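Enquirer: Submitted below is the structure of interest, expressed as structure tokens.
The values are calculated or read from the model by the stated rules, or taken from the named source; none is laboratory data. For clarity, every value in this text was computed on a predicted model and none was experimentally measured. Every residue, glycine as well, gets a Cβ built from its backbone with ideal geometry; the counts of neighbours run over all protein chains shown. Accessible surface areas use protein heavy atoms only, side chains included; no ligands, DNA or RNA. Shrake-Rupley method; radii C 1.70, N 1.55, O 1.52, S 1.80 Å.
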Amino acid sequence: MTSITDVPEDLLYYLSLNFERDRHTLYSLNLVCHKFYHATQALLFRHVGRISADQAKLLSRSLSEVPELKTHVQSYHISLNGGRLDEDRLKEALDCPNIKELWFSRYDKPRGGMGGHLNNMKHALKKFRDGRSVEHDFECSFLDAYSLDSIRRIRLELDFTTTELIRFMLVPNVTSLSATRLDIMKAPLLSAEFAYKTSALTSLDILGGSLWRMDSSTLRTILSFCPHLRSLRCQIPMQTLHDSHTDLTSRVTQPVSPGDFTAVLRPVRDTLQELSLLNLRHRVPYDGSQIDLSHFPALVELEITSCCLLPAGPPCPERDLMCRLLPKNLRRLKASRGLYFASYL
């Protein structure tokens, strides 16, 4: 009887590709037999995700003892503790000749002792209420110290500022950037040397966390750096307020105005092909205005909250006019259900 181990090694490799970001499964397959070992060896080193300090030491030793393993590495995760970079890991990542993607995540390591605990709480509450201070608006100075010319994709996660987001966008050859679990996105603080620079981005994701806050004008500023953008996936800009001293949540304080989004998206109007405007929260008020995408000639795929296109309430004549708000070349429309609340909150 024929078994999977009789399958040619190249086919086992393509089978294993389905698990290229699932290190646990890849490691299990790697131990099945010699054929699976050779089929999965390169994939085990392709994406270096979150690993412990001990695992990082083992990885560094493996890459040092068998330098050819570096050729397999294509993406690498690096942590920033309160803005402090693990430089050894960044150097190790950039030493890999085929590295294409960097994944950065921020965290604040708590300080020890009772005094440290109280300071941590005060700092956290202030940050949850107001966002990062002006003094800490840009904590990614390594962008000026290291050449990232080989990087094509960047992932950002947790508490990056608008200034940092734009600076990552301006890395010369980056075409795809995904920023997730963001909180309070203020207007960027950029020096004059960046005022007229543009990015090579064709794909951009901006998604918030539980404290998401962003002005429409801030999103327009971000998009003004993206003259080649073809795909945008973004959480709807809104104003929020931190709920209390104990909850890491926020509530929406002003009605969202979809009518403003037409102007917000104007910098990418001629190039945008795919747009997702997402409402990832409950209890979001809308003011009843509608976004007008009829003058977006390249837009063919649209995912949007229904409140941005349709008047609230039961069917009415105004809903029949929705087609006038959509681009002529649209091929796919997904309108998700939004929970509408009166705008007098």
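Enquirer: Could you order peptides 32-44, 79-91 by the average number of other Cβ atoms within 10 Å of their residues, highest first?
Expert: 32-44, 79-91
Enquirer: Moving to a separate point now. In nm, what is the difference between 0.36 nm times the number of residues separating residue 333 and residue 32 and their Cα-Cα distance?
Expert: Here the answer is 103.9 nm.
Enquirer: With a/c under 1.5 counting as rounded, go ahead and sort region 130-197 into rounded, prolate or oblate using the C-alpha gyration tensor (a ≥ b ≥ c being the square roots of the eigenvalues; past the cut-off, prolate if a/b is larger than b/c, else oblate).
Expert: Because a/c hits 1.5 or more and a/b fails to exceed b/c, region 130-197 counts as oblate.
Enquirer: Moving on. Could you look at region 128-207 and say what percent of its accessible area is carbon and sulfur, using a 1.4 Å probe and all protein chains?
Expert: Using a 1.4 Å probe with all protein chains present, region 128-207 comes out at 51 percent carbon and sulfur.
Enquirer: Subtract the Cα-Cα distance of residue 228 and residue 66 from 0.36 nm times their separation in residues, and report this length gain in nm to one decimal.
Expert: Extra length available between residue 228 and residue 66 comes to 54.3 nm.
Enquirer: Related question: Return the long-range amide H neighbours of residue 206 (sequence gap of 5 or more, or a different chain), with a cut-off of under 5 Å between placed amide H atoms.
Expert: Under 5 Å from the amide H of residue 206 lie the amide H atoms of 179, 233, 234, 235, each far enough along the sequence or on another chain.
Enquirer: Keeping the other protein chains in place, figure out the carbon and sulfur percent of the accessible area of region 9-74, with a 1.4 Å probe.
Expert: Solvent-exposed carbon and sulfur of region 9-74 make up 55 percent of the total.
Enquirer: What does the highest-first list of 201-208, 279-286, 135-142 look like by mean Cβ count within 10 Å?
Expert: Output ranking for 201-208, 279-286, 135-142: 201-208, 279-286, 135-142.
Enquirer: Shape verdict for region 166-234, please, from the Cα gyration tensor: rounded (a/c under 1.5), prolate (a/b greater than b/c) or oblate.
Expert: Here region 166-234 falls in the oblate category.
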